[in-house]
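Below is one structure, written out as structure tokens; the observations come after it.
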Amino acid sequence: MADTLTGAAHDATAVPEFPMPRQSRCPFDPPPALKELQSEGPLVKVRLWDGSESWLVTRYAEQRALLGDPRVSADTDRPGYPTKASAEAGEGKLSFIMMDDPEHARQRRMVTAPFAVKKIEALRPKVQKIVDGLIDDLLAGPKPVDLVDAFALPIPSLVICELLGVPYEDHDLFQENTKTMVRTTATPEERGAATREMAGYLAGQIGKRITEPQDDMLSGIAARITAGELTHQQATEMALLLLIAGHETTANMIALGTLALLHHPDQLKLLRETDDPKLVASAVEELLRYLHITHLGRRRAVTEDIEIAGQVIKAGEGIIMANEIGNRDPEVFDDPDRLDLTRDARRHVAFGFGIHQCLGQPLARMELQVVYGTLYKRIPTLKAAVPLDDVRFKTDAFIYGVHELPVSW
Amino acid sequence: MKVELEADKCVASGQCVLVAMDVFDQDDDGIAILLKQEIGDDLLDDVKEAVAVCPAAAIRLVEQ
Ligand code: SF4
């Protein structure tokens, strides 16, 4: 009896906590403890910040199967949905990424048009101009300089302004607020105030376009209000989602990607010396796979019992897809911990999988291709201005990256 | 081989267009459309890759 009790107590404490600390020799690798769980099996129970338990899905095949399963819900109000942190509780829903079909599909389809591959391709020269302009400013300015502030963050910000149709004279207000919204050191009050100001601003812009439509995304969203397909509030939430989604992600891929390349000089050399857009494109896919900046897993609630990998996940249980180790699954990627810009990494799950797979991925890809294909060529002597140990990594943020990256050349 | 596309399932990720531009395009809403319904061996690998990367399982290859 005593044995049984001890055994039970032991089992209870044996449930690993998630997320686990990212202490690793290499800041570009997922937590070693997470990799260990992967070797134990495709599904393990983990304990979350609030004491609740959830399934952690560690392997690529099961992650893709579950993300593509209609019995899996993205609705944060569903029983069992694993919340990321206390900070997330009580926050409003971020438009259709937290909805299920059919409403998810209805709303998502309203904004898919501008992200079609060919439309994004047509934007490439504009993005190239933005990137070239920022590099001109870097080269003309003092050094060292923070690459995050001076380069990585302005790019997605300027590009999404262009796409949404935010007037140029409002860029500053826009950039300041979005910076606060994605800054992890911002207090909840600061973030709340910035979010409200941006929502108010976007609601106003949408309102203007109801009477005076232009050729931009905000006008497209405004037309849905006129057609009775969206309320003004839903339209504003949608605009806010588009605005937030591409910021932190792309910015961190630029800064963290650059840092990773600086620490893999042989790989950086490939990019610096190539004129082949195919190699640049494959470098982008590989860095997306290798860095996988959405490092706290993709979360879902299960609405009906699902049998998978010899387990039954019950309705009302939560699942977390640890996609960052899915991208390091040796079953799918040879020698997965090696950064190899020449490998075919396209099957990575950095953008997720299933119906919620990132809507902005053609835009993200194109921005990163322009950046990776330009920055290291134009500043071939680019180097980090601080040792790796002094770089502050965003271990506590929803998106992994660096807080700042002082660089010189 | 025949390519089948269930446009109802498509989430407009553009993945198929990126890997097999000769076979897939997108309509005005970003939803995938088929440029070819029958493909020869030259395009088989590209379409297989499209099937593998499509997040919505909207593409199928069928033997004729
Ligand atoms: S890959 Fe699939 S979901 Fe994406 S555009 Fe093509 S058919 Fe649609």
The stretch A:192-277 shape via C-alpha gyration tensor axes, a/c threshold 1.5: prolate
If I model a spin label as a point 7 Å beyond the Cα along the Cα-Cβ vector, how far apart are those points for A:Lys377 and A:Thr395 in nm? 3.8
Could you work out the longest stretch of chain B that avoids the GluC sites (Glu not before Pro) located in DSSP loops with at most 13 other Cβ atoms within 10 Å? B:7-62
Selected from A:Pro265, A:Ala235, A:Ile306, residue furthest toward positive end of dipole (the protein assembly as shown; charges at beta carbon): A:Pro265
Among trypsin sites (Lys or Arg not before Pro) in chain B, those in a DSSP loop whose Cβ has at most 11 other Cβ atoms within 10 Å are none
Förster-model FRET efficiency, 30 Å R0, A:Glu304 and A:Ala61, C-beta, rounded to 0.05: 0.90
Hey, can you grab everything whose amide H is under 5 Å from the amide H of A:Lys45? Only 5+ residues off in sequence or another chain; H modelled, so Pro and N-termini drop out. A:Leu56
Name the most mobile residue of A:Thr342, A:Thr178, A:Thr250, meaning the one with the largest mean-square fluctuation, in a Gaussian network model of chain A with Cα contacts below 10 Å. A:Thr342
Sites A:Ala227 and A:Ala315, calculated FRET efficiency, Cβ-Cβ separation with R0 35 Å, nearest 0.05: 0.45
Placing +1 on the Cβ of each Lys and Arg and -1 on the Cβ of each Asp and Glu in the protein assembly as shown, which of A:Pro82, A:Gly204, A:Pro142 has its Cα farthest towards the positive end of the resulting dipole? A:Pro142
Out of A:Pro125, A:Pro82, A:Pro16, any idea which swings most in a Gaussian network model of chain A, alpha carbons joined below 10 Å? A:Pro125
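So for chain A, averaging the separation of alpha carbon pairs under 8 Å that are six or more residues apart and normalising by length, what relative contact order in percent results?
RCO, chain A: 25 percent.
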Pop out the ³J(HN,Hα) list for the stretch A:235-246 in order, Karplus 6.51 cos²θ - 1.76 cosθ + 1.60 with θ = phi - 60°, rounded to Hz; leave Gly and Pro as x. 5, 5, 4, 5, 4, 5, 4, 4, 5, 6, 4, x
Per the helix-only model, chain A has a calculated mean residue ellipticity at 222 nm (DSSP H runs of ≥4, -39500 (n - 2.57) each, divided over all residues, rounded to the nearest 500) of -15500 deg cm²/dmol
Running a GNM on chain A with Cα contacts under 10 Å, which residue among A:Ile399, A:Ile379, A:Ile160 ends up with the highest mean-square fluctuation? A:Ile379
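DSSP loop (so not H, G, I, E, B), at most 16 other Cβ within 10 Å: list which GluC sites (Glu not before Pro) in the stretch A:248-310 pass both filters.
Taking the stretch A:248-310 and a limit of 16 other Cβ atoms within 10 Å, the loop GluC sites (Glu not before Pro) found are A:Glu304.
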Say a paramagnetic label sat at a point 7 Å from the Cα of B:Asp41, along Cα to Cβ; which residues of the stretch B:2-33 have their backbone N under 19 Å from it? B:2-3
Distance (nanometres) between label positions extended 7 Å along Cα→Cβ at A:Glu212 and A:Ala14: 6.8
Label-point separation, B:Ala57 to A:His171 (7 Å along Cα→Cβ), nm: 4.6
Distance in Å, no decimals, from the C-alpha centre of the stretch A:353-406 to the one of the stretch A:203-276 is 15
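Just so you know, all these numbers are worked out from the coordinates, no wet-lab data involved. Since this is a predicted model, take the numbers as computed values, not measurements. Cβ coordinates were reconstructed from backbone atoms using ideal geometry, including for glycine residues, and neighbour counts include every protein chain displayed.
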